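Engineer: Below is a structure I'd like to ask you about.
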Amino acid sequence: MRAMPFYFARFGPAEAAYLDTFRSDPLNGEAQRAFGAEMPNLDLRGRLSKITAPTLVITGEDDFICGPVCAHEISAAIPGAREVIVPDAGHMVVFEQRKAFHDEIAAFLDS
C-alpha cells in the first residue's frame, strides 16, 4: 500500500480515498494477493500475435508499470491493435482521466 501513490501521475485526497477501498474491500484484497503471487511468472508476450479480436491498448503517459514503452510493444505484436497513450495519467488512467478513458473506449467500440 505504501507504493500505491506511485501508480498515479498525481496523488491527492481523491486518490487516497480510492486507495482506502483496497483496505476495506475483500475482493480487492484477494486480487492484490493473486497478482502478487502470480505476476512475477506471467509473461504472455509470445502469444500476443495470436489475438484476432479488435484490440485497444491504452495506458497513461506517466505509467511506470506498463506505460508507453510496454503499450507500444503490446500493440506492435497484436495485428491491427490501436494504441492510445493518455496524457497526465499514470497506471490508474481509468481513475485519473475518466473522461479521456471513457471517450477512447467509446470511440474504439464505435469503430
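The values are calculated or read from the model by the stated rules, or taken from the named source; none is laboratory data. Computed from a predicted model, the values in this text were never measured in an experiment. Note: ideal-geometry Cβ built from the backbone for every residue, glycine included; neighbour counts use all protein chains shown.
Engineer: Taking the residues in the stretch 97-107 that are over 11 Å from the mean Cα position of the chain (by Cα) and crowded, with 16+ Cβ neighbours inside 10 Å as candidates, determine which candidate is farthest from ALA14 (Cα to Cα). Spell out the reasoning first.
Structural biologist: Here is the first cut: in the stretch 97-107, the ones over 11 Å from the mean Cα position of the chain (by Cα) are 97-100, 102-107.
Now narrow it down to the ones that are crowded, with 16+ Cβ neighbours inside 10 Å: 97, 100, 104.
Working: GLN97: 13, ALA100: 18, GLU104: 23 Å.
Step by step, filter the stretch 97-107, then rank; the result is GLU104.
Engineer: If you don't mind, there's one more thing I want to ask. Across the stretch 1-27, which residue is farthest from PRO87 (Cα to Cα) among those that are of a type in the set (Gly, Ala, Ser) and either out of contact with any Gly (no Cβ under 6 Å at 6 or more places or on another chain) or at pLDDT below 80 (or both)?
Structural biologist: If we filter the stretch 1-27 for residues that are of a type in the set (Gly, Ala, Ser), which is where we start, we get 3, 9, 12, 14, 16-17, 24.
Checking the rest, the ones that are also either out of contact with any Gly (no Cβ under 6 Å at 6 or more places or on another chain) or at pLDDT below 80 (or both) come to 3, 12, 14, 16-17, 24.
Values: ALA3: 21, GLY12: 18, ALA14: 19, ALA16: 21, ALA17: 22, SER24: 30 Å.
Filtering first and then ranking leaves SER24.
Engineer: Can you name the residue in the stretch 53-65 that is surrounded by fewer than 17 Cβ atoms within 10 Å (Cβ to Cβ) and out of contact with any Gly (no Cβ under 9 Å at 6 or more places or on another chain) and, of all such residues, is farthest from PHE6 (Cα to Cα)?
Structural biologist: Here the answer is ALA53.
Engineer: Listed residues GLU83, GLU73; which is among the charged types (D, E, K, R) and either in contact with a Ser or Thr (Cβ under 7 Å, 6 or more places away or on another chain) or within 23 Å of MET4 (Cβ to Cβ) (or both)?
Structural biologist: On the way: GLU73 fails: either in contact with a Ser or Thr (Cβ under 7 Å, 6 or more places away or on another chain) or within 23 Å of MET4 (Cβ to Cβ) (or both).
Result of the check over GLU83, GLU73: GLU83.
Engineer: Which condition number does LYS99 fail, the rest of (1) in contact with a His (Cβ under 7 Å, 6 or more places away or on another chain); (2) under 30 Å from ALA17 (Cβ atoms) being met?
Structural biologist: Answer for LYS99: the failing condition is (1).
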